[in-house]
């Protein structure tokens with residue numbers, strides 16, 4: 001009799017388990033971070049640092065386009081020493097943050113690689129290209145940031161995806177005009193990499209304003 005009572009008690013304890021559902025606990029933060037894709041982690045990095053770090057660097061290093069052109073007449077390195085930003089190492093090209101305004105000579109706004117060509121001197125010929133995106137070439141925005149160091153990232157693949165994430169972040173903040181903008185005045189602030197004086201700057205804008 002005693003054994004029967006004991007068996008009944010054990011059965012009573014086990015029965016509720018039949019209706020229970022085991023719910024996995026949340027993964028630790030480190031595991032969650034590892035489970036994310038490179039793209040997601042780099043997008044999060046760009047978001048977290050944009051307002052507090054990226055925009056202040058841009059504000060503190062912006063030079064007027066005409067002023068920079070005058071400085072470049074004396075040489076890329078001398079202009080870079082005064083106005084430029086670049087990762088450590090003399091082999092790396094200079095990046096510049098410029099502001100200015102000019103007349104739109106050509107625009108392709110219906111493309112995922114949308115861009116405008118802009119006449120800055122009044123001669124009717126384009127002097128710079130504004131890369132509006134969302135597909136934007138180059139790594140100027142990433143490479144102009146003094147707080148970003150390659151060795152802080154896993155490898156070259158992750159580092160390249162950071163450049164793309166920052167370009168996409170810049171695109172997301174633009175007030176992109178609609179319709180025909182050729183002949184209108186555009187004011188901008190943006191970053192570009194300059195490898196030689198023969199290159200036409202391809203600027204990644206963080207601000208564009210087209211006159212009505």
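The values are calculated or read from the model by the stated rules, or taken from the named source; none is laboratory data. Nothing here was measured: the structure is a model prediction, and the numbers come from that model. Quick reminder, even Gly has a Cβ in these numbers, built from the backbone with ideal geometry, and neighbours come from all protein chains shown.
Rundown of residues vs (1) modelled with pLDDT of 95 or more; (2) under 23 Å from residue 96 (Cβ atoms), yes/no style:
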{"residue": "149", "(1), (2)": "no, yes"}
{"residue": "154", "(1), (2)": "no, no"}
{"residue": "164", "(1), (2)": "yes, yes"}
{"residue": "179", "(1), (2)": "no, no"}
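Residues in segment 166-212 that are touching a helix residue (DSSP H, G or I) at 6+ places or on another chain (Cβ under 8 Å), part of a helix (DSSP H, G or I) and surrounded by fewer than 21 Cβ atoms within 10 Å (Cβ to Cβ): 168, 169.
Of the residues making up segment 130-158, just one is touching a strand residue (DSSP E or B) at 6+ places or on another chain (Cβ under 8 Å) and more than 30 Å from residue 181 (Cβ to Cβ), namely 146. Tell me whether segment 108-119 contains one or more residues that are modelled with pLDDT of 95 or more and either more than 23 Å from residue 173 (Cβ to Cβ) or in contact with a helix residue (DSSP H, G or I) (Cβ under 7 Å, 6 or more places away or on another chain) (or both). For segment 108-119, residues modelled with pLDDT of 95 or more and either more than 23 Å from residue 173 (Cβ to Cβ) or in contact with a helix residue (DSSP H, G or I) (Cβ under 7 Å, 6 or more places away or on another chain) (or both): present. Being farther than 23 Å from residue 58 by Cα and buried (at least 20 other Cβ atoms within 10 Å of the Cβ), is that true of even one residue in segment 89-102? No, because not a single residue in segment 89-102 is farther than 23 Å from residue 58 by Cα and buried (at least 20 other Cβ atoms within 10 Å of the Cβ). Within this structure, residue 131 passes the test of being part of a strand (DSSP E or B), at pLDDT 95 or above and under 13 Å from the mean Cα position of the chain (by Cα). Would you call residue 63 farther than 21 Å from residue 175 by Cβ, assigned to a helix (DSSP H, G or I) and under 24 Å from the mean Cα position of the chain (by Cα)? Considered against the rule, which asks whether it is farther than 21 Å from residue 175 by Cβ, assigned to a helix (DSSP H, G or I) and under 24 Å from the mean Cα position of the chain (by Cα), residue 63 comes out as no. State whether one or more residues within segment 97-112 are assigned to a strand (DSSP E or B), over 13 Å from residue 193 (Cβ atoms), without any contact (Cβ under 8 Å) to a residue 12 or more places away in the chain and under 22 Å from the mean Cα position of the chain (by Cα). The answer is yes, given that some residue of segment 97-112 is assigned to a strand (DSSP E or B), over 13 Å from residue 193 (Cβ atoms), without any contact (Cβ under 8 Å) to a residue 12 or more places away in the chain and under 22 Å from the mean Cα position of the chain (by Cα).
This table checks each residue for (1) at pLDDT 95 or above; (2) in contact with a helix residue (DSSP H, G or I) (Cβ under 7 Å, 6 or more places away or on another chain); (3) not in a loop (DSSP other than H, G, I, E, B).
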site: 15; (1), (2), (3): no, no, yes
site: 30; (1), (2), (3): no, no, yes
site: 58; (1), (2), (3): yes, no, yes
site: 87; (1), (2), (3): no, yes, no
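Looking across segment 150-165 at every residue that is touching a residue at least 12 places away in the same chain (Cβ under 8 Å) and closer than 17 Å to residue 52 by Cβ, the one that is surrounded by the most Cβ atoms within 10 Å (Cβ to Cβ) is identified as 162.
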